[in-house]
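Have a look at the structure below before the remarks.
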Amino acid sequence: MTSNPAPTTYSPRVEDNALVRGTGHFMDDPRLPHTAYAAFIRSPHAHARVVSVNADAARKAKGVLAVLTAADVKAAGIGGISRHPPVAGRGGAKMALPFRPVLAETAMHAGDLVAMVVAETHAAAQDAAELVQVEYQELTPVVDLDAAMKAKTQLHPEAPGNLCVDWPGPVPDEQNERDVAEIIAKATHVAKVTVTNQRMVVASMETRGATGEYDAASESYILYACSQSADALRAQAASIMGVPNEKLRVITKDVGGGFGMKTTVYPEYVALLVAARKISRPVHWQSTRSEAFVSDAQARDAVTHAELALDDKGKFLALRVRHLCNQGAYVANAGININTNNFARCLPGMYRVPKVDVSVACYFSNRVPIAPYRGAGRPEANYVLERVVEEAARVTGIDPLRLRKKNLIPPSAIPCKTAIGNTYDSGDFPGIVEQALELSDYANFSKRKREAARRKKLRGIGISCMLEHSGATPTEQASVAFPGGEKLILGCNVQSTGQSHATVFGRLLADKLGIDTGKIEHRHGDTALGLTGNASVGSRSAMCAGNAIVHTADVMLAKGKKVASALLEASEQDISYRNGAFEVVGTDRRISLFDAARRAKEMGENLDTKDKAETPLTFPNGCHIAEVEIDPDTGFVDLVTYTAVDDCGNPLDLRVVEGQVHGSIAQGLGQALVENAVYDSTSGQLVTGSFMDYSVPRAHTMPVELREALRPAPAKSNPLGVKGTGEAGTTAAIAAVMNAISNAIPNGAADHMDMPATPSKIWEACQKAMAK
């Protein structure tokens with residue numbers, strides 16, 4: 001399949017007019033008449049059996065319409081929340097998938113739902129919720145990964161040792177394990193690291209919310225929810241509710257940030273549907289920020305061990321990785337996939353490593369479940385890889401940059417099939433690195449380091465060679481429809497949560513058809529469109545939805561040629577299409593696309609088209625370089641410059657790509673420097689349960705100067721040549737920053753520092769370095 005250059009112009013976002021004028025439609029905006037409001041009673045304990053729920057006083061409170069408990073949900077025949085494709089464990093063992101109820105009879109994490117109050121107003125629901133008396137029998141919580149692995153308390157009967165799955169890797173092969181072990185045992189040099197990816201709170205700008213509605217006449221439901229795909233959310237929710245898909249319509253309007261966290265069905269959404277049926281009125285709930293901290297799916301929470309074998313000249317021989325994950329109380333949507341397939345597919349990155357042995361073990365605990373968050377396994381993989389390469393440089397005495405260059409896959413070796421089984425179809429890894437070195441002025445770093453030393457500051461530089469994968473769920477649908485006049489409706493399944501879908505996809509279709517973008521109306525976020533596919537996750541939307549749009553347009557034009565041949569009285573072979581019209585080749589006879597669509601309907605034909613496309617994986621890559629300056633007296637880190645050179649294939653819109661890179665870098669810097677979800681190891685309480693305790697990246701976290709460039713190597717696996725870009729900065733940034741901090745602080749004092757690299761940790765490392 002050939003790659004055609006895609007448009008790379010800047011253009012105003014069509015979404016902005018409504019958003020800046022305050023006419024967007026977010027989840028807590030007024031929506032339906034006669035709406036009732038829900039408040040949830042949540043467990044204060046991380047692990048406790050619900051002995052009884054006394055709601056008598058709440059039911060008698062003013063304005064209260066209903067109180068629901070676990071018994072009510074069970075009586076309604078509702079299934080479990082957890083929905084996850086099977087992941088085979090070692091020896092073919094099944095992944096444990098414990099039943100996750102909507103309302104708990106045994107609370108499995110602090111914040112777990114126990115009961116629900118529905119009232120005329122939000123305030124009345126909150127007041128009545130305070131009247132619900134719950135008696136708990138406290139149980140011993142399992143909080144940390146080490147505690148989960150020691151298995152003194154078993155949380156689920158189907159998970160002995162609290163093990164969800166022991167995954168042997170993407171290509172289970174005992175001989176490969178033995179080969180890697182033998183290479184490591186005999187190698188001249190072996191670099192070893194253990195790194196931790198701390199648990200993260202997503203903290204999207206708009207908290208989660210939903211409204212449930214039930215129509216008794218048709219026995220059907222409508223769920224309004226802030227999601228990343230209406231169809232994906234419906235597929236999960238309908239299964240949980242025990243109804244056919246056509247009996248549940250899901251509608252999503254504007255979404256104030258998702259980052260993967262809003263892909264899944266949550267217990268609250270199902271409870272709202274049950275309540276709507278019970279009281280025959282719409283029921284609405286919007287999460288408070290406090291609720292979000294203890295109910296939104298969280299991220300990362302993994303410890304990774306890596307060993308890299310090298311020969312006497314620094315050539316990489318074999319890589320062994322053991323990844324251990326704290327999945328939380330239940331299996332959340334895609335939660336196991338992100339720590340298995342998503343993680344492993346990023347290895348061995350840009351490097352030639354003949355043998356790779358990777359395995360993953362996921363454990364249950366009494367924490368909020370883990371689900372996708374920007375990067376979703378990719379940052380964890382790139383982080384451990386780039387940290388073990390840094391360690392290899394120390395072990396061998398080879399300069400870190402020279403060691404990387406020595407082991408990069410050259411363009412002449414692409415397409416390249418890796419030891420994991422992926423095939424990189426495109427890329428110029430040495431070129432990416434060289435451009436990043438030039439843009440960052442790497443050659444003159446030593447001068448800047450000496451100048452900083454004169455000011456009694458420590459200066460360091462860190463490299464992160466990043467490769468990830470995008471588009472793991474390949475199927476996507478799109479539609480084009482002609483409602484009349486010179487108007488075309490483009491329907492998409494993927495949901496925009498700030499990625500400018502209407503701008504990018506509208507112009508993509510307009511350029512394809514040779515018509516003005518103002519004639520295209522973009523629609524998404526409604527299962528009534530009849531479109532199926534997957535969520536806007538995994539940097540897949542541009543490539544998968546873009547490919548589906550172009551393919552659907554081709555199918556429509558093929559139908560249009562048949563109609564035009566009849567209207568223009570010419571053979572179909574003589575009909576061509578260009579600049580918004582069908583024409584007879586070599587003549588001036590033509591008919592516009594919109595006239596053809598109108599006439600087609602008069603003839604009993606229809607140019608309205610819906611079709612799907614399959615888009616294989618692509619492998620975005622890049623080289624990011626962070627330069628930091630540290631004040632050893634305070635431990636404060638100043639990110640002086642940050643350089644990002646990325647290959648996202650053909651960019652569809654340069655401004656959107658820039659925005660995606662900026663935002664993803666910010667979230668990577670958040671993990672590297674400030675964010676950390678801390679649980680009390682005894683009680684299981686989330687200690688960092690508000691923005692008073694949980695820090696997110698701010699303006700001063702960002703680099704003083706951000707230098708960026710694109711070096712596209714168009715993907716050969718899709719006609720647009722597009723690769724993903726939405727997560728590249730997050731994947732690359734954490735290693736770049738941590739390597740820079742390690743480089744800045746002398747005597748190896750920060751070589752094994754865990755994230756986040758807070759001022760106190762850095763100050764301690766500086767004192768340790770000066771004491772040597």
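The values are calculated or read from the model by the stated rules, or taken from the named source; none is laboratory data. If you're wondering where the values come from, they're calculated on a predicted model, not measured in any experiment. Counting neighbours? That spans all protein chains shown, and the Cβs are built from the backbone with ideal geometry, glycine included. Side chains included, ligands, DNA and RNA excluded: accessible areas come from the protein's heavy atoms. Shrake-Rupley method; radii C 1.70, N 1.55, O 1.52, S 1.80 Å.
Data table
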| read-out | value |
| --- | --- |
| Scan of segment 237-256 for residues that are among the small types (Gly, Ala, Ser) and either open to solvent by 10 Å² or more (accessible area, probe 1.4 Å) or free of Cβ contacts under 8 Å to residues at least 12 places away in the same chain (or both), ordered by number | Ala238, Ser239, Gly242, Gly256 |
| Among the residues listed as Glu182, Glu219, Glu177, the single one being in contact with a Lys or Arg (Cβ under 7 Å, 6 or more places away or on another chain) and of a type outside the set (A, V, I, L, M, F, W, C) | Glu219 |
| Hey, Val180 surrounded by 15 or more Cβ atoms within 10 Å (Cβ to Cβ) and of a type in the set (A, V, I, L, M) or not | yes |
| Residues of segment 703-715 satisfying the condition of being surrounded by 15 or more Cβ atoms within 10 Å (Cβ to Cβ) and either without any contact (Cβ under 8 Å) to a residue 60 or more places away in the chain or not hydrophobic (A, V, I, L, M, F, W, C) (or both) | Pro703, Arg707, Glu708, Arg711, Pro712, Pro714 |
| Strands (runs of 3 or more DSSP E) (entirely within segment 442-529) containing at least 1 residues that are small (Gly, Ala, Ser) | 458-467, 475-481, 488-492 |
| Residue in segment 522-538 that is of a type outside the set (S, T, N, Q) and free of Cβ contacts under 8 Å to residues at least 24 places away in the same chain present | no |
| Among residues of segment 201-220, those that are surrounded by 24 or more Cβ atoms within 10 Å (Cβ to Cβ) and either assigned to a strand (DSSP E or B) or basic (Lys, Arg) (or both), counted | 4 |
| Identity of the residue in segment 633-672, open to solvent by 20 Å² or more (accessible area, probe 1.4 Å) and assigned to a strand (DSSP E or B), that ends up nearest to Ile461 (Cα to Cα) | Val640 |
| Top-ranked residue of segment 682-725 - restricted to ones that are at pLDDT 95 or above and hydroxyl-bearing (Ser, Thr, Tyr), ranked as nearest to Arg289 (Cα to Cα) | Ser690 |
| Conditions (1) farther than 22 Å from Ala393 by Cα; (2) open to solvent by less than 50 Å² (accessible area, probe 1.4 Å); number of the one not met by Thr423 | (2) |
| Matching residues in segment 743-771 - criterion: being surrounded by fewer than 24 Cβ atoms within 10 Å (Cβ to Cβ), among the small types (Gly, Ala, Ser) and closer than 21 Å to Ala453 by Cβ | Gly748, Ala749, Ala769, Ala771 |
| Count - residues of segment 733-760 that are more than 13 Å from Gly462 (Cβ to Cβ), more than 30 Å from the chain's Cα centre (by Cα) and in contact (Cβ under 8 Å) with a residue 24 or more places away in the chain | 4 |
| Strands (runs of 3 or more DSSP E) contained entirely in segment 32-142, each with at least 1 residues that are hydroxyl-bearing (Ser, Thr, Tyr) and at pLDDT 95 or above | 36-42, 48-54, 133-138 |
| Test: Arg352 is basic (Lys, Arg), surrounded by fewer than 24 Cβ atoms within 10 Å (Cβ to Cβ) and closer than 30 Å to Cys623 by Cα | yes |
| Members of segment 682-702 found to be in a loop (DSSP other than H, G, I, E, B), of a type outside the set (Ser, Thr, Tyr), in contact with a helix residue (DSSP H, G or I) (Cβ under 8 Å, 6 or more places away or on another chain) and surrounded by 17 or more Cβ atoms within 10 Å (Cβ to Cβ), listed by number | Gly689, Pro697 |
| Every residue from segment 145-173 that is open to solvent by 50 Å² or more (accessible area, probe 1.4 Å), assigned to a loop (DSSP other than H, G, I, E, B), of a type outside the set (Val, Ile, Thr) and out of contact with any Lys or Arg (no Cβ under 8 Å at 6 or more places or on another chain) | Lys152, Gln154, Pro157, Glu158, Asp173 |
| Pair list, Cβ under 9 Å, 6 or more apart: segment 653-680 residue farther than 28 Å from Val294 by Cα, other residue part of a helix (DSSP H, G or I) and of a type in the set (D, E, K, R) | Asp653/Arg507 |
| Members of segment 322-337 that are crowded, with 24+ Cβ neighbours inside 10 Å and of a type in the set (A, V, I, L, M) | Ala329, Val331, Ala332, Ala334, Ile336 |
| Qualifying residue in segment 541-563 (condition: open to solvent by 40 Å² or more (accessible area, probe 1.4 Å), in contact with a helix residue (DSSP H, G or I) (Cβ under 9 Å, 6 or more places away or on another chain) and in a loop (DSSP other than H, G, I, E, B)) | no |
| Candidates Glu182, Glu177 - the one that is part of a helix (DSSP H, G or I), free of Cβ contacts under 8 Å to residues at least 40 places away in the same chain and of a type in the set (Asp, Glu) | Glu182 |
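Residue-wise test of (1) outside any loop (DSSP other than H, G, I, E, B); (2) open to solvent by less than 10 Å² (accessible area, probe 1.4 Å); (3) touching a strand residue (DSSP E or B) at 6+ places or on another chain (Cβ under 8 Å); (4) under 30 Å from Asn743 (Cβ atoms).
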| position | (1), (2), (3), (4) |
| --- | --- |
| Asp588 | no, no, no, no |
| Lys612 | yes, no, yes, no |
| Pro616 | no, no, no, no |
| Gly622 | yes, yes, yes, yes |
| Ala626 | yes, yes, yes, yes |
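A quick yes/no check of all residues on (1) at positive phi; (2) touching a Gly at 6+ places or on another chain (Cβ under 7 Å); (3) surrounded by fewer than 23 Cβ atoms within 10 Å (Cβ to Cβ); (4) modelled with pLDDT under 95:
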site	(1), (2), (3), (4)
Gln477	no, yes, no, no
Val480	no, no, no, no
Leu488	no, no, no, no
Ala502	no, no, yes, yes
